[in-house]
Amino acid sequence: MAFFKKAEGVAKEKKKGGFRETVLLIVIGVGIALLLQAFVVGSFYIPSESMENTLLVNDRVFVNKLAGKPERGDIVVFKGWNGEDTIKRVIGVGGDHVKCCDKQRRITVNGTPLDEESYLYPDDYPSGDEFDVTVPEGKLWLMGDHRSASADSRAHMEEPGGGFISEEDVIGKAVVRYWPLSRGYLFSRPETFDKVK
């Protein structure tokens with residue numbers, strides 16, 4: 001009889017130990033996930049049409065918060081002009097001369113015309129508004145891929161910041177569109193930006 005009581009006690013202890021271990025693993029897992037979300041990877045959903053067809057409304061992307069300085073052509077999430085998280089494409093970085101448009105209606109960066117066909121919304125102009133700006137050091141000139149539906153740097157030129165966004169306001173670079181699964185896609189910088197000097 002004593003043997004059975006002892007065996008029952010051991011079984012109960014094992015159950016308690018297994019439960020504690022499971023709870024501990026869950027707590028550690030949640031903690032790691034929160035740290036990754038805070039400092040390494042963020043998930044963002046797309047609220048508007050401004051990045052179509054690259055990103056559609058309600059698409060979701062993962063953003064690398066440790067990707068370093070934004071480069072021309074990167075898609076970045078940043079604290080926007082109204083203080084909300086915003087997603088756009090980097091067209092110009094500090095020191096760049098960005099102009100719209102040349103005789104073929106292309107945007108130029110430092111005199112080099114951009115071939116934006118691979119990401120620009122079909123039948124959209126590179127810009128309906130003309131502009132000619134030099135990006136201050138530490139700032140970015142950002143535009144949506146659906147130019148006629150994007151309130152980007154062009155729409156904020158008359159404001160105190162001149163439409164530019166500080167590099168410090170960038171949360172991270174979009175690396176992958178993960179939702180919906182049928183539209184999963186790993187982002188890369190368009191080749192046209194490699195030609196800009």
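The accessible-area ordering, largest first, of the residues SER166, SER48, SER118 stands as SER118, SER48, SER166, per a 1.4 angstrom probe.
Calculate the tail of P(r) for the range 60-197: the fraction of all Cα-Cα distances greater than 20 Å, expressed in %.
Beyond 20 Å sits 43 percent of the P(r) for the range 60-197.
Only protein heavy atoms count here; under a 1.4 Å probe, VAL23 has an accessible surface of about 60 Å².
Potential lengthening of the chain between THR22 and TYR178 amounts to 53.2 nm, from the contour at 0.36 nm per residue minus the alpha-carbon distance. Here the label points at SER48 and LYS69, each 7 Å from Cα along the C-beta direction, are separated by 2.8 nm in the simple model. For the set GLU137, GLU49, GLU21, the ranking by accessible area, highest first and with no ligand, DNA or RNA atoms included, is GLU137, GLU21, GLU49 under a 1.4 Å probe.
The values are calculated or read from the model by the stated rules, or taken from the named source; none is laboratory data. Since we're looking at a predicted model, the values are computed, not measured. Positions of Cβ are backbone-derived with ideal geometry, glycine not excepted, and every protein chain shown enters the neighbour counts. These area figures cover heavy atoms from the full protein model, side chains too; ligands, DNA and RNA do not enter into them. Shrake-Rupley method; radii C 1.70, N 1.55, O 1.52, S 1.80 Å.
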